[in-house]
Amino acid sequence: MIEKKEANAGGSSTVDRRKFIKGVAVAGASAVAAGEGAKAAVLPQRDRSQPRPSALRPSAQIVAAESGSVREAGADGSPGTVPGKPGSDFMVDVVKTLGIEYAITNPASSCRGIHESLVSYGGNVMPELLTATHEETATAMGHGYFKVTGKPLISLCHGTVGLQHAAMAVYNAWCDRVPVIMMVGNNTDAATRVPGTPTLHTVQDPGSIVRDYTKWDDQPGSLQHYAESMVRAYKIAMTPPFEPVLISIQEHMQEHEIHSEKPLTIPKLTTPSFPAGDMNAVREAAALLANAEFPVIVVDRAARSQQGMQNVVAIAESVNALVVDRQGRMNMPNMHHLYQMGGGALRRADVVLGLELTDYWGTVNDFSDNAAQNVSSIVSPDTRLISIGVGDIYVRANYQDFQRYQPVDIAIAADAETTLPSLIEAVKAAILSERQAAIEQRGADARRNQAALRERTLAEAAANGWDVRPISSARLSAELWAQIKNEDWALVSRDQSLSFWPHRLWAFENHHQFIGGPGGQGIGYGLPAAVGAALGHREHGRLVVNLQNDGDFMYAPGSLWSAAHHNIPLLNIIYNNRAYHQEVMHMQRMASWRQRGVENALIGTAIADPNINFATVAQGMGVEGIGPIEDPNDLSAAIRRGIEVVKSGEPVVIDVIAQPR
Amino acid sequence: MPFGKISPYILAAVFSAASAAAPATAADGETPRDVFERVGCWSCHGYKGQGGRHGPAIARTPHNYEAFSAFVRTTSGEMPPFTERVVSDQDLRAVHGYLQSLPEPPSADNLSLLQDVFPD
């Protein structure tokens, strides 16, 4: 176990959200409480004997300031001060009721009010403000953090240039069904807005930038409106399908003294029960599974908890159905005898149960990326298809993350994890005694096939360029496994660039050991999401491993600095094939189709000449860098040192020069 | 831009570990291994033909040249066809020879890292 660093353990809070809400909630609406240590239940109101603030007057210094956004405050207190409680303090009060542990920001003047309130009035706890070097980094950190903790965090940025930076990370979160609360600064009031940069950083409708891939957004017109919208946003984000939401906070509301005719209240948060499948449909699905000759279950984002994963195992074992894992989450222990990485079993299936499949069509059809673009069905025309997922509940039109339309026989519009317990019971009830022998035989067949598969896997690992340079993905995976398998470890990246060798060699047993991939496959997710995931793992003292592609690294290298600055331990293994290798293969494919030769395939796709020294890059950001490691015989010592660094509570980078895949 | 200009470590690998059993030079001073890498087989099948996510292992291919060539020239699956306009017969023979020349891999039984990998 990794020794915890007390100063940065995170997650500790003096605010118990439930007690807080219970203490102040009255009939669904609570009189507002101030932040840490506050006694009053009702905010102090403006002294009405004093005149209201006049129009704001930019000073010469302000105009000269680079940001151009520094503003003199109200005239009813000491000159240049805000006499009462600023609106952003109340905004922090609202955030504190939601139990949000972290807000991550690349600092933005349009958020300066709430920024100052978070770190001063709010005590920089619940949420703690973390620093990112890019808004995309901040948002992707929230993406990874949620998949470990099940809790959303706030990504705080400009409503214009910051949100534009963050947009791709929001899209990844959307596709991956991950809630991130985007809180963006804006100032739509031209009369109070400083000209110059602040006006350049203003937009009438910031939500429009990401509205196609957020579940809800609002730009509240008052602090009371903000309180209601913030609680609503949290509720919407945390109800399946979990998705990003956005709240735009006006600068003048943040920065000025609270002016409210009525006491501000914070609505009580009641998270709704999650959508479960209609029992008639569940029983119909159960009957198909119970009577199937060769049922196959396909899982993508089916499990978001240890219990959810155990329920996937339970439904599979109830009928001894093979489980094809699309690896959107840690759905099932990969060493289970029913676990399948590939979809070959689907060719034999007479019943397919799809759990939270984003791409059902692509699951049961084969599309060859060749010049003819051949399409063929993987399953038989008689195969009965069942779907359980939230994809039928909520979908948007513009971006095509919903994939091609796949007709199914039973479509249950519900959250799969919520529905599985009732499905398991329904299947058990539907199994007839005469089916037991066939079910047991399927289990025995699966165990026998697994034993044979393990033999082949080891032989292929040995044959997979065991001693070659560049280092093979199988060798790297085996070297890593030898040193982490007795630790409380977690992998926070996908492993497709390593030809899935970790999933072939490592024993993934617990839900926290894998979190799936980026969702929208937008590059630049890997490093910041890994840092965010490691942040979530930190309080548990786990050894967190990130298999980091070199190309992805270069989108958001500053994530490393955030990890160093905030003492987030993380073992980064750079899988450095010195190319955007997916694109190398695409170029080769294009050239071959057109019979032009492949010699030019590395133009525009190679990341070489000069080669990037990732160890040096890491060192420049205060992170220990090891490598480049080119000889497989040097791997063991490098990994050992890397683990030592991580166990000391710090991030580390090991640059491994690797085979293409 | 020359291949080696873009990816110098590839060239380093070429010259550092060429198999002694490799067939004679194919053309223009190139070794068969040079040809293998120039025509791009490594991209999906690895520098040693060991295979990967996007291409199966082809080292020590059991197919004779005629069968090997027939597949490479006409395949219509995920792998694009490499016609004679892309890879000459001379080059393809060099690739085939290179693959057949690769040494046998170690046995998993003799590698300590591959012992006790899986749980009981």
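The values are calculated or read from the model by the stated rules, or taken from the named source; none is laboratory data. Nothing here was measured: the structure is a model prediction, and the numbers come from that model. As a convention, Cβ positions derive from the backbone with ideal geometry for all residues, glycine included, and neighbour counts pool all protein chains shown.
Within the set of pairs 6+ apart or on separate chains, which have a first residue in the range A:410-430 that is in contact (Cβ under 8 Å) with a residue 24 or more places away in the chain, a second that is of a type in the set (Lys, Arg) and in a helix (DSSP H, G or I), and C-beta atoms under 7 Å apart? Hits for this filter: A:426/A:283. Residue A:438 falls short on exactly one of the conditions (1) closer than 15 Å to residue A:354 by Cα; (2) surrounded by 14 or more Cβ atoms within 10 Å (Cβ to Cβ), and that condition is (1).
Would you check if there is a residue in the range A:115-124 being polar (S, T, N, Q), under 14 Å from residue A:162 (Cβ atoms) and modelled with pLDDT of 95 or more? Within the range A:115-124 (the criterion being polar (S, T, N, Q), under 14 Å from residue A:162 (Cβ atoms) and modelled with pLDDT of 95 or more), the answer is no, since none of the residues qualifies.
Do the conditions hold for residue A:426, that is, is it touching a helix residue (DSSP H, G or I) at 6+ places or on another chain (Cβ under 9 Å), surrounded by 12 or more Cβ atoms within 10 Å (Cβ to Cβ) and part of a loop (DSSP other than H, G, I, E, B)?
In short, no.
Looking only at the range A:186-234, how many residues end up being part of a helix (DSSP H, G or I), touching a Ser or Thr at 6+ places or on another chain (Cβ under 6 Å) and within 30 Å of residue A:147 (Cβ to Cβ)? So the answer is 1. Inspection of the range A:366-384 finds no residue satisfying the criterion of being touching a residue at least 60 places away in the same chain (Cβ under 8 Å), closer than 29 Å to residue A:145 by Cβ, touching a helix residue (DSSP H, G or I) at 6+ places or on another chain (Cβ under 8 Å) and outside any loop (DSSP other than H, G, I, E, B). The condition of being in contact with a strand residue (DSSP E or B) (Cβ under 6 Å, 6 or more places away or on another chain), surrounded by 21 or more Cβ atoms within 10 Å (Cβ to Cβ) and on the phi > 0 side of the Ramachandran plot holds for only one of A:493, A:499, that being A:499.
Taking the numbered list (1) buried (at least 18 other Cβ atoms within 10 Å of the Cβ); (2) over 21 Å from residue A:521 (Cβ atoms) in turn, residue A:390 passes all entries but (2). Residues in the range A:111-155 that are closer than 26 Å to residue A:557 by Cα and charged (D, E, K, R) were compared, and the one that is surrounded by the fewest Cβ atoms within 10 Å (Cβ to Cβ) is A:151.
Test residue B:34 against the stated conditions and say whether it is buried (at least 23 other Cβ atoms within 10 Å of the Cβ), more than 9 Å from every other protein chain (Cβ to nearest Cβ) and either in contact with a Ser or Thr (Cβ under 7 Å, 6 or more places away or on another chain) or among the acidic types (Asp, Glu) (or both). Taking the combined requirement at face value, the residue satisfies it.
Would you confirm whether any residue within the range A:631-649 is within 14 Å of chain B (Cβ to nearest Cβ), surrounded by fewer than 20 Cβ atoms within 10 Å (Cβ to Cβ) and on the phi > 0 side of the Ramachandran plot? For the range A:631-649, residues within 14 Å of chain B (Cβ to nearest Cβ), surrounded by fewer than 20 Cβ atoms within 10 Å (Cβ to Cβ) and on the phi > 0 side of the Ramachandran plot: absent.
Remark: residue B:97 falls outside the filter, which requires a residue to be surrounded by 12 or more Cβ atoms within 10 Å (Cβ to Cβ) and touching an Asp or Glu at 6+ places or on another chain (Cβ under 9 Å).
Is the range A:595-611 home to any residue that is free of Cβ contacts under 8 Å to residues at least 60 places away in the same chain and either within 26 Å of the chain's Cα centre (by Cα) or closer than 19 Å to residue A:496 by Cβ (or both)?
For the range A:595-611, residues free of Cβ contacts under 8 Å to residues at least 60 places away in the same chain and either within 26 Å of the chain's Cα centre (by Cα) or closer than 19 Å to residue A:496 by Cβ (or both): present.
Residue A:343: surrounded by fewer than 22 Cβ atoms within 10 Å (Cβ to Cβ), at negative phi and within 29 Å of the chain's Cα centre (by Cα), yes or no? Against the criterion (surrounded by fewer than 22 Cβ atoms within 10 Å (Cβ to Cβ), at negative phi and within 29 Å of the chain's Cα centre (by Cα)), residue A:343 qualifies. If I ask for residues that are at pLDDT below 95, surrounded by fewer than 20 Cβ atoms within 10 Å (Cβ to Cβ) and either more than 14 Å from chain B (Cβ to nearest Cβ) or assigned to a helix (DSSP H, G or I) (or both), which ones from the range A:591-627 would you list? Result: A:591, A:593.
Among residues that are more than 8 Å from chain A (Cβ to nearest Cβ) and under 23 Å from residue A:592 (Cβ atoms), residue B:109 is not included.
Please verify whether residue A:435 is touching a residue at least 40 places away in the same chain (Cβ under 8 Å), more than 14 Å from chain B (Cβ to nearest Cβ), part of a helix (DSSP H, G or I) and in contact with a helix residue (DSSP H, G or I) (Cβ under 8 Å, 6 or more places away or on another chain), treating the condition exactly as stated. Spelling it out, residue A:435 is indeed touching a residue at least 40 places away in the same chain (Cβ under 8 Å), more than 14 Å from chain B (Cβ to nearest Cβ), part of a helix (DSSP H, G or I) and in contact with a helix residue (DSSP H, G or I) (Cβ under 8 Å, 6 or more places away or on another chain).
Just one of the listed residues (A:325, A:300, A:278) is touching a Leu at 6+ places or on another chain (Cβ under 8 Å) and among the charged types (D, E, K, R), namely A:300. In the range A:338-364, the residue that is nearest to residue A:520 (Cα to Cα) out of those that are in a helix (DSSP H, G or I) and among the charged types (D, E, K, R) is A:347. Across the range A:549-572, the qualifying residues are those that are under 20 Å from the mean Cα position of the chain (by Cα) and aliphatic (A, V, I, L, M), and the one among them that is surrounded by the fewest Cβ atoms within 10 Å (Cβ to Cβ) is A:554. Out of curiosity, is residue A:588 crowded, with 20+ Cβ neighbours inside 10 Å, at pLDDT below 95 and closer than 18 Å to residue A:497 by Cβ? The answer is yes for residue A:588. Here residue A:454 does not qualify as farther than 22 Å from residue A:544 by Cβ and more than 7 Å from chain B (Cβ to nearest Cβ). Of all residues in the range A:115-157, those satisfying the criterion of being in a helix (DSSP H, G or I) and touching a strand residue (DSSP E or B) at 6+ places or on another chain (Cβ under 6 Å) are A:118, A:119, A:135, A:138, A:139, A:141, A:142. Annotation: of all residues in the range B:57-74 being surrounded by 14 or more Cβ atoms within 10 Å (Cβ to Cβ) and closer than 30 Å to residue A:503 by Cα, the one that is farthest from the other protein chains (Cβ to nearest Cβ) is B:61. For residue A:359, indicate whether it is among the acidic types (Asp, Glu), out of contact with any strand residue (DSSP E or B) (no Cβ under 6 Å at 6 or more places or on another chain) and within 30 Å of residue A:216 (Cβ to Cβ). Criteria met by residue A:359. On inspection, residue A:446 fails the criterion of being within 14 Å of chain B (Cβ to nearest Cβ), buried (at least 19 other Cβ atoms within 10 Å of the Cβ), within 34 Å of the chain's Cα centre (by Cα) and not in a loop (DSSP other than H, G, I, E, B). Residue count for the range B:37-50 satisfying the condition of being part of a loop (DSSP other than H, G, I, E, B), in contact with a Lys or Arg (Cβ under 9 Å, 6 or more places away or on another chain) and at the interface with chain A (Cβ under 7 Å from one of its Cβ atoms): 2. Residues that are exposed (fewer than 13 other Cβ atoms within 10 Å of the Cβ) and not charged (D, E, K, R) were ranked within the range B:100-120; the one that is modelled with the lowest pLDDT is B:119.
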